[in-house]
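> Quick one: structure below, then a few questions.
The values are calculated or read from the model by the stated rules, or taken from the named source; none is laboratory data. A quick note: this is a predicted structure, and the numbers were derived from the prediction, not measured. When we count neighbours, we look across all protein chains shown, and the Cβ atoms used for this are built from the backbone with ideal geometry, even at glycine.
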Amino acid sequence: MSFSDSLLEIPASKDLLPHVTPAMVQDELAHKDRIPKLHFTHDRPFRWFCAIDDIGQIEKTDLTHLASQMLMMVRLDDVEALEQILPNASYIACIDDIDTVMCIQNLFVTMYMWENTLDYIVMKNGAIGELLDASTSILRNFVFVSDNNFNVIARTTEIDPPDDLHRSIIENGCLTQVTIAEERFRLPEETFYTRGASDITPFDRVSFPIHIHHAYFGSISMSCNEKSDTPGLRDAFLILANHVQMACERLWAKETMRETPSFFFFERLLRGNAVTDEYVTAQLEENGLPENGLYKVVLFDVDPSIEPEKAYTLNKTASTLNNGHVRCFPFEHAVIAVLYGSRIDGELSHRKTIEEVTERIYGGLDIVSAVSSVFSGIENLAFAYRQAQIALGFRLSIDRERSIDGITDPRGIYMFEDALLYYLIDATERDEAFMEFTFNTSIVNILWEEDVNNGTDYLKILWFYLKNERNATNTAQELHMHRNTVLYHIDKIQQRFDFDMGLKSARDWMLVCFKSLFSRLSGESLSTIFSVNR
């Protein structure tokens, strides 16, 4: 077997690669009698390693875009050539030292197995203690987790408390008065708390605060009773802390938001975090949400941090919307309701939402709200949230338009469709993906797809009816059909989707959707119109 064949290749799943920091590498090599030349161009984690026994092979492979994520192992004589080919590469000049090469490989493989174990424990809703015990071989120190009331909620079971301080903490189930008086619970987010050996413990201590939704939940603490406090150890400790935080999020959700077990699922979607199809499917099933359903976002303009009692009352009231098929929760400076239902047309109609929200929320609590379009695919939640934000942001323009139309009393609820034209004429650059989402589940798009599949012409009738300003006689003449036939089909469309074409905002929305469809089918856009080769 050749030298290169004896090394492990990069795992197929790039998302599951480990996070090995330069500090971890230095810790791993610190015990060696002769430390090879090290060169790190950054302090970010390496995702894998690459042993290069022939520097000439680099130019034949596409390693340029991976250089910043790979730790290169080369011969000392090849360092200069490597720096010329990959100036941003980090490397160890150790290829002639097989023990060092295998040491580095073992580090990456160990971290790979450990992080995947932590991911699995979190995915299967394992206990916090499982995460701590799974980390014993990596950290080799006593670790425990306490909540914001200083109660111990988990500890390492495979390592006993190393001194009187930690034995007292575990026996009493909470921190001692001395440790409570320390400033750990006042630390900002993502800040290590450290204490050196002292008269209360002969070991250094490292703690990291756990914050949930920017609120202090507790901390994870480690006594460096066997493995010394080093930057590399802290990097590994931070990996554990991040997984513990995910487990604490579930615990917090159970204790404080029982009515919203899907809060963190929604939060990740709202923040645009990348999620896999498997994760979405599992979360929908776990939270009793329809996998192929329709959704709608209602954004209530009340800040829970400023008006907590009002937000609490709102949360309870909004939970009755849509026959209880709704998830309500605070997010940033507002309260959000995610309405859901099956794919029955009209089930989530704006008419029903307006009636319920106006009566129960605006009329009863005097809280203004904004509503997104109906959409499919819960992974598009961030787009719908943005629609609601846009509707709320253009509320003054919508109110002015209503006052001109003779509607002097604002309804206190604003639809994205009412704000769309204001959004389109705004000079701000628009997001193509957002625009595609906006028109994807429109009535016009649904009817067009059905006409294509079924050989019908309902969309054509709707277009001529709008074009003729709802004059059924003129529409019938252009389409060579009876006037009553036109009215029958128009009424059927309105009943199916539960909307009223007598409303100007509904007609405006329809016309914009038609324009979007025509543009998409023609393949024309500003970029093609002003193309040099046109």
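> Only helices (runs of 4 or more DSSP H) wholly contained in the stretch 439-495 count here; list those with 2 or more residues that are under 13 Å from residue 517 (Cβ atoms) and either touching a Pro at 6+ places or on another chain (Cβ under 6 Å) or of a type outside the set (Asp, Glu) (or both).
Result: 443-454, 458-467.
> Kindly provide the set of residues from the stretch 196-239 that are among the charged types (D, E, K, R) and either surrounded by fewer than 18 Cβ atoms within 10 Å (Cβ to Cβ) or not in a strand (DSSP E or B) (or both), ordered by number.
199, 204, 226, 227, 229, 234, 235 - these are the residues of the stretch 196-239 that are among the charged types (D, E, K, R) and either surrounded by fewer than 18 Cβ atoms within 10 Å (Cβ to Cβ) or not in a strand (DSSP E or B) (or both).
> When the residues of the stretch 355-376 are filtered to those that are surrounded by fewer than 17 Cβ atoms within 10 Å (Cβ to Cβ) and in contact with a strand residue (DSSP E or B) (Cβ under 8 Å, 6 or more places away or on another chain), which remaining residue is modelled with the lowest pLDDT?
Applying the filter and picking the extreme gives 376.
> Go through (1) out of contact with any strand residue (DSSP E or B) (no Cβ under 8 Å at 6 or more places or on another chain); (2) under 28 Å from residue 123 (Cα atoms); (3) touching a residue at least 24 places away in the same chain (Cβ under 8 Å) for residue 352 and report which single condition fails.
Checking residue 352 against (1) out of contact with any strand residue (DSSP E or B) (no Cβ under 8 Å at 6 or more places or on another chain); (2) under 28 Å from residue 123 (Cα atoms); (3) touching a residue at least 24 places away in the same chain (Cβ under 8 Å), the one that fails is (2).
> Just checking: which of the helices (runs of 4 or more DSSP H) contained wholly in the stretch 134-185 hold 2 or more residues that are out of contact with any strand residue (DSSP E or B) (no Cβ under 7 Å at 6 or more places or on another chain) and either not assigned by TED's automatic domain parsing to the domain that holds residue 244 or not polar (S, T, N, Q) (or both)?
164-172, 177-180
> Pairs needed: first member in the stretch 471-482, more than 18 Å from residue 501 (Cβ to Cβ); second member anywhere, among the aliphatic types (A, V, I, L, M); C-beta distance under 7 Å; at least 6 residues apart or different chains.
482/476
> In this structure, is residue 142 of a type in the set (Phe, Trp, Tyr) and within 18 Å of residue 224 (Cβ to Cβ)?
Yes, satisfied.
> Of the conditions (1) in a helix (DSSP H, G or I); (2) surrounded by fewer than 20 Cβ atoms within 10 Å (Cβ to Cβ), residue 189 satisfies every one except a single condition; which number is it?
(1)
> Could you list, in sequence order, all residues of the stretch 423-482 that are aliphatic (A, V, I, L, M), modelled with pLDDT of 80 or more and more than 20 Å from residue 520 (Cβ to Cβ)?
461, 472, 476, 479, 481
> Can you tell me which residue within the stretch 145-158, out of those that are touching a residue at least 60 places away in the same chain (Cβ under 8 Å) and of a type outside the set (Gly, Ala, Ser), is nearest to residue 229 (Cα to Cα)?
Taking the candidates together, the pick is 145.
> Right, here's the next one. If you take the residues in the stretch 295-329 that are small (Gly, Ala, Ser) and under 19 Å from residue 213 (Cα atoms), which one is modelled with the highest pLDDT?
Checking each candidate, the answer is 311.
> Using the structure shown, decide if residue 447 is in the same structural domain as residue 497 (by TED's automatic domain parsing) and over 28 Å from the mean Cα position of the chain (by Cα).
Answer is yes for this residue.
> Evaluate the following for residue 424: is it touching a Lys or Arg at 6+ places or on another chain (Cβ under 7 Å), touching a residue at least 40 places away in the same chain (Cβ under 8 Å) and over 30 Å from residue 363 (Cβ atoms)?
In short, no.
> What are the residues in the stretch 100-118 that are over 15 Å from residue 235 (Cβ atoms) and either free of Cβ contacts under 8 Å to residues at least 60 places away in the same chain or surrounded by 20 or more Cβ atoms within 10 Å (Cβ to Cβ) (or both), if any?
Scanning the stretch 100-118 gives 100, 101, 102, 104, 106, 113, 117.
Residues checked against (1) modelled with pLDDT of 90 or more; (2) over 30 Å from residue 32 (Cα atoms); (3) of a type in the set (Val, Ile, Thr):
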| residue | (1), (2), (3) |
| --- | --- |
| 85 | no, no, yes |
| 120 | yes, yes, no |
| 124 | no, yes, no |
| 144 | yes, yes, no |
| 147 | no, yes, no |
| 165 | yes, yes, no |
